1. Given (1) touching a strand residue (DSSP E or B) at 6+ places or on another chain (Cβ under 6 Å); (2) surrounded by fewer than 22 Cβ atoms within 10 Å (Cβ to Cβ); (3) under 30 Å from Ala96 (Cα atoms); (4) of a type outside the set (S, T, N, Q), where does Val210 come up short, assuming only one miss?
2. Considering only the range 59-82, state which residues are buried (at least 16 other Cβ atoms within 10 Å of the Cβ) and either in a strand (DSSP E or B) or among the charged types (D, E, K, R) (or both).
3. Go through the residues of the range 108-117 one by one and say whether even a single one is buried (at least 20 other Cβ atoms within 10 Å of the Cβ) and β-branched (Val, Ile, Thr).
4. Taking helices (runs of 4 or more DSSP H) that fall entirely within the range 241-356, which contain at least 3 residues that are acidic (Asp, Glu)?
5. Taking the condition hydrophobic (A, V, I, L, M, F, W, C), over 19 Å from the mean Cα position of the chain (by Cα) and assigned by TED's automatic domain parsing to the domain that holds Ser262, does Leu63 pass?
6. Pull out all pairs, ordered by first then second residue, where Cβ-Cβ is under 6 Å, the residues are six or more apart or on different chains, the first lies in the range 70-88 and is farther than 19 Å from Gly306 by Cβ, and the second is acidic (Asp, Glu) and part of a helix (DSSP H, G or I).
7. Using the structure shown, decide if Lys140 is over 17 Å from the mean Cα position of the chain (by Cα) and surrounded by 15 or more Cβ atoms within 10 Å (Cβ to Cβ).
8. If we keep just the residues of the range 120-135 that are over 24 Å from Glu160 (Cα atoms) and not polar (S, T, N, Q), which is surrounded by the most Cβ atoms within 10 Å (Cβ to Cβ)?
Amino acid sequence: MSTPIDAPPHGPMREQSNRLTGPTSIRRVGLIERYMDRLPFAAGDPVISLNEGSTPLILAPRLSERVGAEVHLKYEGLNPTGSFKDRGMTAAVSAAVREGAEAVICASTGNTAASLAAYASRAGIRGVVLVPDGKIAAGKLAQALMHGAQVVALQGNFDEALRLVRQISEVHPIALVNSVNDFRLEGQKTAAFEILEDLDGKLDALCIPVGNAGNITAYWKGFREMLGEGSPDLPRMLGFQAHGANPLVRGEMVPEPETVASAIRIGNPARWEQAMGAMTSSGGLVADCTDEEILDAYRFLAREEGVFCEPASATSVAGLLKHGAGDAQRVVCVLTGHGLKDPQTALDESPPVIPCAPELRALEKILVG
């Protein structure tokens, strides 16, 4: 749950928040205000926020029964733009504005594009995103365009897009806000803080999808900061990739990654070494799942647990079902994005809509035979 903070948000919203008084007033705050003592920001810094974070940790009873452990779902799809990327983006864009940037740029398979576009709009600065041509889910592309970002469809894959935005940010005054930006990790580590707060510091294992590998790196950083380096209470980090985009599992770059889990369709992760360090030092593992296993978990979560996530998110659950979590008794699976990010996959994986004449007998025939 969010902890109320007396200081109002920055900018035009300040006067409005001051008018909300009385015992029934509740003001949700973003990550930077909530965790300022644990983040590289200070009072008076510009804060670009959409009140991200404070996402629910949902007990999954049917999944728990299947794996023989207490399993919770960290549902990051309830962040403002529908993915965990908002945690890192509030920090990266706030830092960019503090440093005088007038534009921000990223390479993206979709979620980072949507988040950058929203936070750039909020900040009143230009947003630019490079996406692999034809490889971005419709929901994510729509978000980026609606928020006013300049979207460039690169005739190449994500890894080529990341190489180009790194190069252009070195020669032009444009702030790069991909997960190579350390402020992204600072924001994303707060999800680990929230999990430990919700579970009273007791967690045996974390299952998480791995694409560019920034998120698993950030969670490990957050756990160590909260529990202490070398603490026996640190959870095992279990990172899962799609079989067609599994460079960490193979131990080598995948030149042409391919998977239905578009958010982790990455063949050369930017945080490769840090991610492997997290899994190795925590006694965890890295493994992969097929697209069929990911889609099975995707459908299971929606139909058995009532939680609709995008396919890449379900990789954490697919990995848990396939590879287990050892003797872990309390497990958290990170669901990185909302299911509406990729509506076409949802439609493809669902039964058809049933036509019906506007008559009672026609409806009875469908419902009761």
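1. So Val210 meets the others, but not (2).
2. Glu70, Val71, His72, Leu73, Lys74, Tyr75, Glu76, listed by residue number.
3. Here is the first cut: in the range 108-117, the ones buried (at least 20 other Cβ atoms within 10 Å of the Cβ) are 108-117.
Checking which are β-branched (Val, Ile, Thr) leaves us with 109, 112.
Within the range 108-117 (the criterion being buried (at least 20 other Cβ atoms within 10 Å of the Cβ) and β-branched (Val, Ile, Thr)), the answer is yes, since at least one residue qualifies.
4. Values: elements: 247-250, 272-281, 291-300, 315-323, 343-348.
Helices (runs of 4 or more DSSP H) meeting the threshold: 291-300.
5. On the way: hydrophobic (A, V, I, L, M, F, W, C): yes; over 19 Å from the mean Cα position of the chain (by Cα): yes; assigned by TED's automatic domain parsing to the domain that holds Ser262: yes.
In short, yes.
6. Pro80/Asp86; Phe84/Glu76
7. Working: over 17 Å from the mean Cα position of the chain (by Cα): no; surrounded by 15 or more Cβ atoms within 10 Å (Cβ to Cβ): yes.
Considered against the rule, which asks whether it is over 17 Å from the mean Cα position of the chain (by Cα) and surrounded by 15 or more Cβ atoms within 10 Å (Cβ to Cβ), Lys140 comes out as no.
8. So the first thing to find is which residues in the range 120-135 are over 24 Å from Glu160 (Cα atoms), and the list is 121-125.
Retained after the next criterion (residues that are not polar (S, T, N, Q)): 122-125.
Details: Arg122: 18, Ala123: 20, Gly124: 10, Ile125: 17.
Looking at the filtered set, the residue picked out is Ala123.
The values are calculated or read from the model by the stated rules, or taken from the named source; none is laboratory data. For clarity, every value in this text was computed on a predicted model and none was experimentally measured. Ideal geometry is used to build each Cβ from the backbone, glycine not excepted, and the neighbour counts take in all protein chains shown.
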